[in-house]
Amino acid sequence: MDRSRSEPIHPQLFTVETADGIVDDRLVCKGTVLGLYAIPDLLHLASYCYTYYLLRVCESEQLQILMERVFLQAFYSRSNFITQPKLVSTLRIFLGLSLGWIALSTAIQVLHVAAEYPFFTWMQPSSSDAEVVLIVLLVLTTTWNDVIHVTIIMSYSIQCQLLNSFIRGLCERVREKSICLQEAVKEINESSKILKHLNDEFTIAVSLMMLHSGVMATSGFICTFTSGSFATRDTLTLATDLLSLVTWGLIFAFPLVQAARLSAACHCIQKLGLFLLTRPFGYQEISQMQLDSFLLYTSSLDMQAKLFRVPVKPAFLFSVLALSAFVFLLFARMELISFGF
């Protein structure tokens, strides 16, 4: 059963005999095993193995160090821009989003089973009870697969969120002069090291997961709106297709949004030196040479969040969104996609 859609790819009608001896006609997918299962599962497995290597074998403590720095900064901050209760609430929101995505994905699998009762082509159950057991195992293993998927995506997103909060809090501390410029430079260097580790190491696993979820979302969209059977599907099947499309689309877009927000925060650091040079309130005792050096240092920083080794910026996301909307409307006008009415 292809998880990105409920309608089989290249279906073929087979007359089969069920475990109870009832002859039934069922649609059986005859798509290639390599395209439907092997390649997506290999991407998923490679992402999991690489993440396990980073977190267990290399024993990377970047996340723990980042959390410690963010919470310490929130504790000593004079403003309400970043506080420890806000950080805890944000992390709880991420946890809730993770659990919600898993619950939604599991519900979609149950709807898949209800809409199209699965038929096991190579594993013939000896009885109806054995068939039910296989279906339950199918749902459970798929849910566990989704747990791994969302854990890797959310782990990256949480690190982006924490680093984003740390950088913006640092900029706020520099503006209110609760930190000296020398200490600010040290904090910026630490932020740059954490971002470099995020871009060079962790994004590999996240990019593989995004490639997997992007393929699922794209294939779900194509099969839902271009198969020509949008209006002929029953309500349950159509709802399952649309929910599956939304689910995979969200899990693909979420790390992109987090990376773009982190890049925007890094851009705030690059403008920080110019801000102090034009509005040096509170820094009158600092020499012009020190301000110029700080301006030169911040303006020369190359701090950007990357996915697929490509810098992700808010302008880039808006451009992709505008291009996608243009292509969608163009295809709808040319009747290459159908809404059933």
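The values are calculated or read from the model by the stated rules, or taken from the named source; none is laboratory data. The model shown is predicted, which means the values in this text are computed figures rather than measured ones. Quick reminder, even Gly has a Cβ in these numbers, built from the backbone with ideal geometry, and neighbours come from all protein chains shown. When the accessible area is computed, the model is the full protein with side chains, heavy atoms only, and any ligands, DNA or RNA have been set aside. Shrake-Rupley method; radii C 1.70, N 1.55, O 1.52, S 1.80 Å.
Couple of notes before you dig in:
- Of the criteria (1) within 30 Å of Val110 (Cβ to Cβ); (2) surrounded by 14 or more Cβ atoms within 10 Å (Cβ to Cβ), which one Ile286 fails: (1)
- The one condition from (1) of a type outside the set (S, T, N, Q); (2) assigned to a loop (DSSP other than H, G, I, E, B); (3) buried (at least 20 other Cβ atoms within 10 Å of the Cβ) that Ala259 does not meet is (2).
- Number of positions in the stretch 67-78 that are part of a loop (DSSP other than H, G, I, E, B) and open to solvent by less than 30 Å² (accessible area, probe 1.4 Å): 1
- In the set (1) under 30 Å from Ala260 (Cβ atoms); (2) surrounded by fewer than 15 Cβ atoms within 10 Å (Cβ to Cβ), Leu137 fails one condition alone, (1).
- The residues of the stretch 70-102 that are under 24 Å from the mean Cα position of the chain (by Cα) and basic (Lys, Arg), listed by number, are Lys86, Arg92.
- Residue match in the stretch 16-34 (condition: at pLDDT 50 or above and part of a helix (DSSP H, G or I)): yes
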